[in-house]
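Asks: If you scroll down you'll find the structure; I have some questions about it.
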Amino acid sequence: MNEEVYSEIAYLYDGSAEGLLSAIFSAYARHEDPTDITTEKRYRPRLGQHALAIETSVEQALRVERGIRREAGDPAFEAVVYAALSDDEAAGIKALRFVRHCMAPMQTSHRSAVKRPQRNRRYNPLDDITHPDVAPLYEIARAVGNERHRMLQFIRFQELEGGLWFARCNPSASVVPLVMEHFATRLNVQPFIIYDENHRLAGVWDKADWYLVPDADMQLPAASEREREVAAAWRLFYQHVSIDPRYNPELRRQFMPKRLWRNLTEMQAEGSSYKGVRLPDSGSRSEIRADLPLARNPE
Amino acid sequence: MDILEKLQILADAAKYDVACTSSGIDRSAQKGALGGASVAGCCHSFTPDGRCVTLLKVLQTNVCVCDCAYCVNRSSNAEVQRAAFTPRELADLTIAFYRRNYIEGLFLSSGVIQNPDHTTELMIQTLALLREEYRFRGYIHAKAVPGTSPELIDRLGFLADRMSVNLELPSAKSLALLAPQKSTREIFAPMRQISEKRSEDRETRALTRRKTTYYGDKPIARSNRAYVPAGQSTQLIIGATPESDYDILQLTGSLYENFALKRVFYSAYIPVVNDPLLPQTDAIQLNREHRLYQADWLLRFYGFRTDELIEPEEPFLDLEVDPKANWALRHLDFFPLEVNTATLEELLRVPGIGARGARQILRARKHSALGEAELKKIGIAYKRARYFITCKGRYEGAGAEFSPEALRARLKAPIDGGKHGRRADKAIPGQLSLFSSLANEPVKHLSSENRAMLP
Ligand code: SF4
């Protein structure tokens, strides 16, 4: 019936989790049912649809976060954040449907006579993974979670001159925000930048805090002398742990997808370590903070 | 000799130990220290044979005074170059790899240089550098060398997360034949010591964790490290000696029971040295290894008992269907189960329903009764499971007769081991030419040996 009242509308957000939460906030505030929630970059206009650019508001995002956490619990909120970072076109709209499902007043499930359980602290809408409003989001969140795990496995750091560490990656979802905490605590004595070349997003850890820099314009020094030695040692080790009679490249590809190989030290040819380039080549919006070693030590 | 050369030799020598996991312990990061560990472990790479690389797996040295027939490092093997890492070299390399996210930590094993105590002391020095000087909080797996004095094993255990003593051969008789310098007593002594010390350590730590005063908001600071917090494991070589799967699983079962082992690893025998005592077959028994892992998994996570999986009358696991399907086919009276009412234990017995799927079913059915459409959305292999379940009273396995033979045909799953390499299907069990005298003895005999060798 909404279609009769409103013309079709698409919400465009900035691709961040806060952006998607702001879009969800708008859907409630404006009493609208958008047909698409997607990012500006991915949006393809449809006939008879007008687009609304959603301004990211941390305050609105926090209100939505509190609401979801209160009504549906932490895992449900986490799933929405994961979905926000997905490259799936329909992730935004699936997230909205899921949030509406979580927030809907208690009702008897229309699919069967089973009553929806009382909302207590243990209520988790994700348990109902066969529900048409839950299953699509669950799938997306799981795919993003898997990609996050792949990054925990396959991100490779290089030591640059001047003591900064740098990792370049190409994940299929914008998962850098989801891995920063892991690497920041684990490598805490070592400042680093993780750069996602697909989503042009840099995660920066300066040994005190981590933060994200979209479309970062950075000049990085070259890899250190030691870096070449260690990378060579790693390649050597990699070549020597394999057992020839067990050769099974299909199995390897299943666990370590080929699309990720180009950023894996052990799959690169000798001498391909980082030469110190400007990244990315255009479109700078923000600058890396000046107190980082790389800023002090430009090429 | 430079470090690269050493790495090459000592990684090559360590690769036949298949244990490579960083699981079993959660250690959060600490300010100013490097690293942490997560309970599920994390694989950082995969080799061309599809095996996971999670730890820097090397030997401290491949110099060895022993002459175990199946081992590349045996003292009589003149073809292999010998090398040794200094503790400093190895600690530095571990840290360098760790900082680049190549690895979760170190897996340190060693040939016996001079004597077991001297060897273990070298390993202790390496680990002490890592833990104390570099404040390394990543994962460390250390091998206990049989014959090491108990004090040194203890010291090593406080530095490592996991320890292992490799049994390698599944019976005392085979051990005596192929590893003449190691007695079974020497192998079981450190295993027993680690298991006892570990439970003792856990008890005392649990005590200190308890609040003792009303003011005690903070837990009592524990300065010392836990003893082998991720438990111990062992490895058995499959196919070098004539023991059957029955013998191996019996042994596995008693190892889990008697020593509270976390894992038993199986390694299909690969001929690395020529020895008249060993089979020189070209094919390696990878399919057999695969089935043993499946059976082992059922023992550890699915509540199966050894005698449910294998019987002395049929001492080898079925290569055609997996051990769980095999059990189901022999117990058709247990099925079909109604997914909406079956207990977790029952669901875990259904072929096609894994541990994750079973738990998802329990969660999902709280919200709505599950039919075929819902089940397909849950992470189970519905195509296999449907022969053994009903959903809302409906049996979905129509098309197949509910008999062991008909269902077996549906459940047949060749082990997909890839198209390369010298795969196991070329090996016919019983083809082994070794121990012609031994092989003629009834299997029963070997298995009673097995039990006798456990203290
Ligand atoms: S003691 Fe270990 S390293 Fe030495 S020969 Fe035996 S198995 Fe090989």
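Asks: Working only within segment A:180-196, note down all residues that are of a type in the set (Asp, Glu) and over 11 Å from the mean Cα position of the chain (by Cα).
Replies: If we filter segment A:180-196 for residues that are of a type in the set (Asp, Glu), which is where we start, we get A:181, A:196.
Across segment A:180-196, the qualifying residue is only A:GLU181.
Asks: Looking at A:ARG228, A:ARG235 in this structure, which one is in contact with a helix residue (DSSP H, G or I) (Cβ under 7 Å, 6 or more places away or on another chain), closer than 30 Å to B:GLY50 by Cβ and in a helix (DSSP H, G or I)? Spell out how you get there, then give the answer.
Replies: Details: A:ARG228 fails: in contact with a helix residue (DSSP H, G or I) (Cβ under 7 Å, 6 or more places away or on another chain).
None of the other options fit; the residue is A:ARG235.
Asks: Any residue that is within 16 Å of the ligand (Cβ to nearest atom), at pLDDT 90 or above and surrounded by fewer than 21 Cβ atoms within 10 Å (Cβ to Cβ) - is there at least one of those in segment B:189-198? It would help to see each step written out before you state the result.
Replies: Quick first cut of segment B:189-198, residues within 16 Å of the ligand (Cβ to nearest atom) only: B:189-191.
Those still in the list that are at pLDDT 90 or above too: B:189-191.
Subset that is surrounded by fewer than 21 Cβ atoms within 10 Å (Cβ to Cβ): B:189.
Yes, that holds for at least one residue.
Asks: Name the residues in segment A:156-179 that are within 14 Å of the chain's Cα centre (by Cα) and either under 16 Å from B:ALA37 (Cα atoms) or facing chain B (nearest Cβ under 7 Å) (or both), would you? Steps first, please.
Replies: Step one: of segment A:156-179, the residues within 14 Å of the chain's Cα centre (by Cα) are A:169-179.
Answer for segment A:156-179, where residues must be within 14 Å of the chain's Cα centre (by Cα) and either under 16 Å from B:ALA37 (Cα atoms) or facing chain B (nearest Cβ under 7 Å) (or both): just A:VAL179.
Asks: Of all the residues that make up segment B:239-254, how many are closer than 13 Å to B:ARG288 by Cβ and open to solvent by 20 Å² or more (accessible area, probe 1.4 Å)?
Replies: Total meeting the criteria: 2.
Asks: Follow-up. Taking into account only those residues within segment B:36-83 that are open to solvent by 30 Å² or more (accessible area, probe 1.4 Å) and over 27 Å from B:LEU278 (Cβ atoms), which is nearest to the ligand (Cβ to nearest atom)?
Replies: Going through the qualifying residues, I end up with B:CYS52.
Asks: Just checking, does segment B:313-321 include any residue being in contact (Cβ under 8 Å) with a residue 12 or more places away in the chain, outside any loop (DSSP other than H, G, I, E, B) and of a type in the set (A, V, I, L, M)?
Replies: Among the residues of segment B:313-321, not one is in contact (Cβ under 8 Å) with a residue 12 or more places away in the chain, outside any loop (DSSP other than H, G, I, E, B) and of a type in the set (A, V, I, L, M), which makes the answer no.
Per-residue answers, yes or no, for (1) closer than 20 Å to A:ARG142 by Cβ; (2) open to solvent by 10 Å² or more (accessible area, probe 1.4 Å):
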site	(1), (2)
B:LEU362	yes, yes
B:LEU370	yes, no
B:LYS376	yes, yes
B:LYS392	no, yes
B:TYR395	no, yes
B:GLY399	no, yes
B:PHE402	no, yes
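Asks: Could you identify the single residue in B:ILE113, B:ILE140, B:ILE124 that is more than 14 Å from every other protein chain (Cβ to nearest Cβ) and crowded, with 24+ Cβ neighbours inside 10 Å? Walk me through how you get there before you give the answer.
Replies: Working: B:ILE113 fails: crowded, with 24+ Cβ neighbours inside 10 Å; B:ILE124 fails: crowded, with 24+ Cβ neighbours inside 10 Å.
Exactly one of B:ILE113, B:ILE140, B:ILE124 is more than 14 Å from every other protein chain (Cβ to nearest Cβ) and crowded, with 24+ Cβ neighbours inside 10 Å, namely B:ILE140.
Asks: Please find, among A:ALA184, A:ALA202, A:ALA208, A:ALA167, the residue that is surrounded by 19 or more Cβ atoms within 10 Å (Cβ to Cβ), of a type outside the set (Phe, Trp, Tyr) and over 16 Å from B:ASN101 (Cα atoms).
Replies: On the way: A:ALA184 fails: over 16 Å from B:ASN101 (Cα atoms); A:ALA208 fails: surrounded by 19 or more Cβ atoms within 10 Å (Cβ to Cβ); A:ALA167 fails: over 16 Å from B:ASN101 (Cα atoms).
That would be A:ALA202, the only listed residue that is surrounded by 19 or more Cβ atoms within 10 Å (Cβ to Cβ), of a type outside the set (Phe, Trp, Tyr) and over 16 Å from B:ASN101 (Cα atoms).
Asks: Assess whether B:THR94 counts as being more than 14 Å from the ligand (Cβ to nearest atom), open to solvent by less than 10 Å² (accessible area, probe 1.4 Å) and not small (Gly, Ala, Ser).
Replies: Details: more than 14 Å from the ligand (Cβ to nearest atom): yes; open to solvent by less than 10 Å² (accessible area, probe 1.4 Å): yes; not small (Gly, Ala, Ser): yes.
Spelling it out, B:THR94 is indeed more than 14 Å from the ligand (Cβ to nearest atom), open to solvent by less than 10 Å² (accessible area, probe 1.4 Å) and not small (Gly, Ala, Ser).
Asks: From the set of residues in segment A:124-137 that are of a type outside the set (A, V, I, L, M) and more than 9 Å from every other protein chain (Cβ to nearest Cβ), which is surrounded by the fewest Cβ atoms within 10 Å (Cβ to Cβ)?
Replies: Among those residues, the one meeting the criterion is A:PRO132.
Asks: From B:GLY32, B:GLY50, grab the single residue that is under 21 Å from B:GLU133 (Cα atoms) and either more than 14 Å from every other protein chain (Cβ to nearest Cβ) or of a type in the set (Gly, Ala, Ser) (or both).
Replies: Working: B:GLY50 fails: under 21 Å from B:GLU133 (Cα atoms).
B:GLY32 is the lone residue from the list that is under 21 Å from B:GLU133 (Cα atoms) and either more than 14 Å from every other protein chain (Cβ to nearest Cβ) or of a type in the set (Gly, Ala, Ser) (or both).
Asks: Testing B:GLY231 on (1) buried (at least 16 other Cβ atoms within 10 Å of the Cβ); (2) modelled with pLDDT under 90, one condition comes back false. Which one is that?
Replies: (2)
Asks: Taking segment A:256-270, which residues are assigned to a helix (DSSP H, G or I) and surrounded by fewer than 16 Cβ atoms within 10 Å (Cβ to Cβ)? Steps first, please.
Replies: Narrowing segment A:256-270 to residues assigned to a helix (DSSP H, G or I): A:258-263, A:265-267.
A:LYS258, A:ARG259, A:TRP261, A:ARG262 - these are the residues of segment A:256-270 that are assigned to a helix (DSSP H, G or I) and surrounded by fewer than 16 Cβ atoms within 10 Å (Cβ to Cβ).
Asks: Just give me the residues in segment B:107-140 being in contact (Cβ under 8 Å) with a residue 40 or more places away in the chain, under 21 Å from the mean Cα position of the chain (by Cα) and more than 16 Å from the ligand (Cβ to nearest atom), in sequence order.
Replies: B:GLY138, B:TYR139
Asks: Follow-up. Restricting to segment B:99-109, count the residues that are open to solvent by less than 10 Å² (accessible area, probe 1.4 Å) and either more than 13 Å from every other protein chain (Cβ to nearest Cβ) or assigned to a helix (DSSP H, G or I) (or both).
Replies: Initial filter on segment B:99-109 (open to solvent by less than 10 Å² (accessible area, probe 1.4 Å)): B:100-108.
Pick out the ones that are also either more than 13 Å from every other protein chain (Cβ to nearest Cβ) or assigned to a helix (DSSP H, G or I) (or both) and you get B:108.
Here the count works out to 1.
Asks: For the condition among the acidic types (Asp, Glu), within 14 Å of another protein chain (Cβ to nearest Cβ) and open to solvent by 10 Å² or more (accessible area, probe 1.4 Å), what is the one hit in B:GLU257, B:GLU289? Working first, answer last.
Replies: On the way: B:GLU257 fails: within 14 Å of another protein chain (Cβ to nearest Cβ).
Going through B:GLU257, B:GLU289 in turn, the sole match is B:GLU289.
Asks: How many of the residues making up segment A:197-222 are within 16 Å of the chain's Cα centre (by Cα) and assigned to a strand (DSSP E or B)? If you could, list the steps in order and put the result at the bottom.
Replies: As a first pass, look at segment A:197-222 and keep what is within 16 Å of the chain's Cα centre (by Cα): A:197-204, A:210-215.
Narrowing the set further to residues that are assigned to a strand (DSSP E or B) leaves A:201-204, A:210-214.
Going through segment A:197-222 one residue at a time, the tally reaches 9.
Asks: Pairs please, first residue from segment B:64-76 and of a type in the set (Gly, Ala, Ser), second anywhere and within 7 Å of the ligand (Cβ to nearest atom), Cβ atoms under 8 Å, 6+ apart in sequence or on different chains.
Replies: Qualifying pairs under 8 Å: B:ALA69/B:ALA179; B:SER75/B:CYS64; B:SER75/B:CYS66; B:SER75/B:ASP67; B:SER76/B:ASP67.
Asks: I'm trying to understand the selection: among the residues of segment B:54-98, which are in a loop (DSSP other than H, G, I, E, B) and within 14 Å of chain A (Cβ to nearest Cβ)?
Replies: Within segment B:54-98, B:THR54, B:ASN62, B:VAL72, B:VAL80, B:GLN81, B:ALA83, B:PHE85 meet the criteria.
Asks: Give me the residue from segment B:18-29 that is in contact with a Leu (Cβ under 9 Å, 6 or more places away or on another chain) and within 10 Å of chain A (Cβ to nearest Cβ) and, out of that set, nearest to B:CYS68 (Cα to Cα).
Replies: My answer is B:CYS20.
Asks: Can you tell me how many residues in segment A:182-193 are more than 10 Å from chain B (Cβ to nearest Cβ) and within 23 Å of B:ARG27 (Cβ to Cβ)? If you could, list the steps in order and put the result at the bottom.
Replies: Kept after step one, since they are more than 10 Å from chain B (Cβ to nearest Cβ), are these residues of segment A:182-193: A:191, A:193.
From what is left, the residues that are within 23 Å of B:ARG27 (Cβ to Cβ) are A:191.
Total satisfying the criteria: 1.
Asks: Here is a check on your reading of the model: is B:THR119 modelled with pLDDT of 95 or more, more than 14 Å from every other protein chain (Cβ to nearest Cβ) and surrounded by fewer than 21 Cβ atoms within 10 Å (Cβ to Cβ)?
Replies: Taking the combined requirement at face value, the residue does not satisfy it.
The values are calculated or read from the model by the stated rules, or taken from the named source; none is laboratory data. Quick caveat: nothing in here was measured; it's all calculated off a predicted structure. A quick note on method: Cβ atoms are made from the backbone with ideal geometry, for glycine too, and the neighbour counts reach across all protein chains shown. Surface areas here come from the heavy atoms of the whole protein model, side chains and all, with no ligands, DNA or RNA. Shrake-Rupley method; radii C 1.70, N 1.55, O 1.52, S 1.80 Å.
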